[in-house]
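Engineer: This is the structure, below, for whatever I ask next.
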Amino acid sequence: MTLQPIHLETVPDLVEQVYARLLDAISEGALQPGTRLNQEDLAKSFAVSRQPVLQALRLLKKDGFVEDAPGRGVQVTPLDVNWIAKVYQVRVALDGLAVQLAAQKKAVLPQQVMAQGRMAESSRNVQAMIQADLAFHKAIYEASGNPLIGQCIQLHWHHLKRVMGAVLQSSQQRQSVWDEHEAIAQAIAAGDSQRAVSLVQGHAEAASIQLTQRLAEQLAMSVIPATQGAQA
């Protein structure tokens, strides 16, 4: 395991802190798919008792990030092409609603978000590209004025970050991503909700096709652990 010992504060709730720390480690790739998670080791790493670790693992299992390991114990859920495709189906719908609401307000997305994206694109730093992409979409969710959209999609982005990190480590993000983002932002600012919805849904669908195809190829080559029976 690659987790470093870290002291957790008593507030907020320890279960929430352990959950958040493990969720970040899984979604960012510090804990790889298939990694067994030992409650005692985790408790020592976080300097807590086993109880908050057990509860956090139960929550992660419910959310699909942890599963029962062969024999006994739990492990980080392997990546599954079919599951990621389903996550993107939800994202397409929520992104469409978000840009429609934002366009009705003729919202102007922060220029720093676009600048951050262009900089990440030129740097080819995988984590920077993922964070910039997430920042762009979060800006749209905030611009929609409906906080439920961001809340609903937050967990899905952790699943997407897992596959984005795994795939982008060995292949580059498609060149048109930030041109597409720019076009979406312009449609929102112009109040053209129909065009904004069409662009953002096309953008998400293209991302789904690209990432699931590349993930399937990598799983076929056994580059990263896969769920048994996963198919493109």
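Engineer: Those residues that are open to solvent by 30 Å² or more (accessible area, probe 1.4 Å) and among the aliphatic types (A, V, I, L, M), I need them from the stretch 30-56; list them, please.
Structural biologist: 30, 47, 54
Table: residues versus (1) more than 17 Å from residue 88 (Cα to Cα); (2) under 18 Å from the mean Cα position of the chain (by Cα).
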| site | (1), (2) |
| --- | --- |
| 107 | yes, no |
| 125 | yes, yes |
| 129 | yes, yes |
| 133 | no, yes |
| 149 | no, yes |
| 162 | no, yes |
| 183 | yes, no |
| 187 | yes, no |
| 190 | yes, no |
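Engineer: For a quick check of your reading of the model, give me the residue pairs whose first member lies in the stretch 92-109 and is farther than 9 Å from residue 189 by Cα, whose second is open to solvent by 70 Å² or more (accessible area, probe 1.4 Å) and of a type in the set (S, T, N, Q), with beta-carbon atoms closer than 9 Å and at least 6 apart or on different chains.
Structural biologist: Listed by first residue and then by second, the contacts come to 96/198; 100/194.
Engineer: Next question. Quick one: is residue 144 among the hydroxyl-bearing types (Ser, Thr, Tyr), modelled with pLDDT of 90 or more, open to solvent by 30 Å² or more (accessible area, probe 1.4 Å) and in contact with a helix residue (DSSP H, G or I) (Cβ under 7 Å, 6 or more places away or on another chain)?
Structural biologist: Criteria not met by residue 144.
Engineer: Which one is surrounded by the most Cβ atoms within 10 Å (Cβ to Cβ) among residues in the stretch 205-221 that are among the aliphatic types (A, V, I, L, M) and assigned to a helix (DSSP H, G or I)?
Structural biologist: In this case the residue turns out to be 215.
Engineer: Are any residues in the stretch 110-121 in contact (Cβ under 8 Å) with a residue 24 or more places away in the chain and buried (at least 21 other Cβ atoms within 10 Å of the Cβ), and if so, which ones?
Structural biologist: Of the residues in the stretch 110-121, the ones in contact (Cβ under 8 Å) with a residue 24 or more places away in the chain are 110, 113-114, 117-118, 121.
Scanning the stretch 110-121 gives a single hit, 117.
Engineer: Let me ask another. What number goes with the only condition from (1) over 25 Å from residue 28 (Cβ atoms); (2) open to solvent by less than 20 Å² (accessible area, probe 1.4 Å) that residue 193 does not pass?
Structural biologist: (2)
Engineer: Does residue 102 qualify as being buried (at least 16 other Cβ atoms within 10 Å of the Cβ) and more than 22 Å from residue 159 (Cβ to Cβ)?
Structural biologist: Yes: the conditions hold for residue 102.
Engineer: Now for a separate question. Restricting to the stretch 20-29, what's the tally of residues that are crowded, with 17+ Cβ neighbours inside 10 Å and assigned to a helix (DSSP H, G or I)?
Structural biologist: Final tally of qualifying residues: 6.
Engineer: Kindly indicate whether any position in the stretch 78-95 is open to solvent by less than 40 Å² (accessible area, probe 1.4 Å) and more than 24 Å from residue 213 (Cα to Cα).
Structural biologist: No: zero hits.
Engineer: Can you name the condition, by its number, that residue 125 falls short on among (1) buried (at least 16 other Cβ atoms within 10 Å of the Cβ); (2) closer than 26 Å to residue 20 by Cβ; (3) modelled with pLDDT under 90?
Structural biologist: Here residue 125 clears every test but (1).
Engineer: Out of the stretch 53-84, which residues are touching a strand residue (DSSP E or B) at 6+ places or on another chain (Cβ under 8 Å) and assigned to a loop (DSSP other than H, G, I, E, B)?
Structural biologist: 65, 69, 73, 77, 78, 80
Engineer: Now for a separate question. Return the only residue of 187, 98, 107 being among the hydrophobic types (A, V, I, L, M, F, W, C), modelled with pLDDT of 95 or more and part of a loop (DSSP other than H, G, I, E, B).
Structural biologist: After ruling out the rest, the residue left standing is 107.
Engineer: How many of the residues in the stretch 160-182 are open to solvent by less than 10 Å² (accessible area, probe 1.4 Å) and at pLDDT 90 or above?
Structural biologist: Number of matching residues: 3.
The values are calculated or read from the model by the stated rules, or taken from the named source; none is laboratory data. These figures come from a predicted structure and were not determined experimentally. As a convention, Cβ positions derive from the backbone with ideal geometry for all residues, glycine included, and neighbour counts pool all protein chains shown. Heavy atoms of the whole protein, side chains included, go into the accessibility calculation; ligands, DNA and RNA do not. Shrake-Rupley method; radii C 1.70, N 1.55, O 1.52, S 1.80 Å.
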